[in-house]
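Have a look at the structure below, then the notes.
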């Protein structure tokens with residue numbers, strides 16, 4: 001193959017790759033675009049299945065949906081639970097990951113394998129025992145079953161992610177700090193933790209998205225509407241709407257629930273990709 005044909009073949013391959021990526025992006029974005037367009041349609045526009053774009057544009061679905069449900073309460077409950085879970089996950093998982101990455105022990109590898117093995121256990125296996133335990137503690141209809149596990153390092157994936165990042169940082173930093181009389185906790189908080197901000201941001205985003213979209217755990221432990229999260233509240237609002245053909249308010253509230261996460265990801269996309277790439281390469 002001549003040198004002139006190689007760049008042409010490479011360019012053709014890049015063009016095909018870009019076209020494939022654009023098609024896949026359009027397929028993934030179509031449900032969100034359809035939901036947004038439906039939320040901006042009039043009631044007559046929703047009934048007309050031939051009308052794809054919202055014209056005339058109407059915000060009556062957002063007004064009707066916001067007034068029809070207690071979404072301000074649902075959002076506050078979700079923000080409170082997600083915020084506490086993020087704090088607990090970052091604190092507990094970073095400590096466990098730092099121990100696995102920098103401490104020396106004969107059983108360290110065995111314990112790490114046991115930790116990874118817990119990822120293979122389905123959540124449904126522990127569902128009934130945990131429900132019975134929380135019911136005996138009288139913690140049903142409270143946020144304790146949703147928040148407390150995060151403070152005990154129950155997120156195995158986040159521990160693995162942070163452990164990979166900590167393992168990639170040089171041990172000379174800890175040795176120099178110990179010579180200066182710094183404790184292990186000081187080494188962790190003052191030296192290693194500030195150097196793993198990209199990985200911590202990945203953990204924060206992962207945990208926040210999981211808690212924001214979590215439906216199963218709140219459904220099991222929260223029975224009062226005043227305690228509902230945004231996922232339960234949206235489902236309850238759908239049930240209250242009944243079999244009406246006007247799905248505009250439901251789509252509008254779905255857009256409201258997705259919008260914060262979308263803005264968060266768009267703002268921190270660069271750091272998110274850097275954190276995943278760094279933690280995957282090092283270690």
Given a 10 angstrom Cα cut-off, can you work out which residue in 187, 132, 19 is the most mobile in a GNM of the chain? 19
Helix 108-117 against the longest principal axis of the chain: what's the angle in degrees, Cα atoms only, rounded to the nearest 10? 20
Quick check on the exposure proxy: order 257, 89 from fewest to most C-beta atoms within 10 angstrom. 257, 89
Distance in nm between label sites at residue 108 and residue 175, each 7 Å beyond Cα in the beta-carbon direction? 1.4
Longest principal axis of the chain (C-alpha) makes with the long axis of helix 5-39 (C-alpha) an angle, in degrees to the nearest 10, of 60
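What is the Cα radius of gyration of segment 138-202 over 2.2 N^0.38 Å, N being its residue count?
Compared with the compact-globule rule of thumb, segment 138-202 sits at 1.48.
At a 10 angstrom cut-off on C-beta neighbours, averaged per residue, how do the peptides 98-105, 53-60, 157-164, 36-43 rank from highest to lowest?
157-164, 36-43, 98-105, 53-60
Rounded to the nearest angstrom and ordered from largest down, what semi-axes does the equivalent ellipsoid of segment 5-62 get from its C-alpha gyration tensor (root of 5λ)?
Working: eigenvalues 313, 18, 13 Å².
Computed over segment 5-62, the values are 40, 9, 8 Å.
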Average silhouette area of segment 70-281, convex hull of alpha-carbon atoms, in square nanometres: 14.6
Between residue 14 and residue 57, what length comes free when the chain is fully extended (0.36 nm per residue of separation minus the Cα-Cα distance, one decimal in nm)? 11.6 nm
Ranked packing of 20-28, 262-270, most packed first, by mean Cβ within 10 Å: 262-270, 20-28
Square roots of 5 times each gyration tensor eigenvalue, C-alpha, segment 1-135, largest first, Å: 43, 37, 15
Packing rank of 134-140, 221-227, 233-239, where each peptide gets the mean count of other beta carbons within 10 Å, highest leading: 233-239, 221-227, 134-140
Evaluate E = 1/(1 + (r/R0)^6) for residue 190 and residue 79, where r is the Cβ-Cβ distance and R0 equals 35 Å; express this FRET efficiency to the nearest 0.05. 0.70
What angle, in degrees between 0 and 90 and rounded to the nearest 10, separates the Cα long axis of helix 248-267 from the longest principal axis of the Cα atoms of the chain? 30
If you bin the C-alpha pair distances of segment 53-120 every 10 Å from 0, what whole percents do you get? 15, 24, 19, 15, 14, 10, 2
Intensity falloff of segment 164-272 expressed as log10 I(q)/I(0), Debye formula with alpha-carbon point scatterers, at q = 0.11, 0.17 Å⁻¹: -0.59, -0.89
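None of the figures in this text is laboratory data; all of them are computed from the coordinates on show. Bear in mind the structure is a predicted one, so any value in this text is a computation, not a measurement. Cβ: placed from backbone, ideal geometry, glycine included. Neighbour counts: every protein chain shown.
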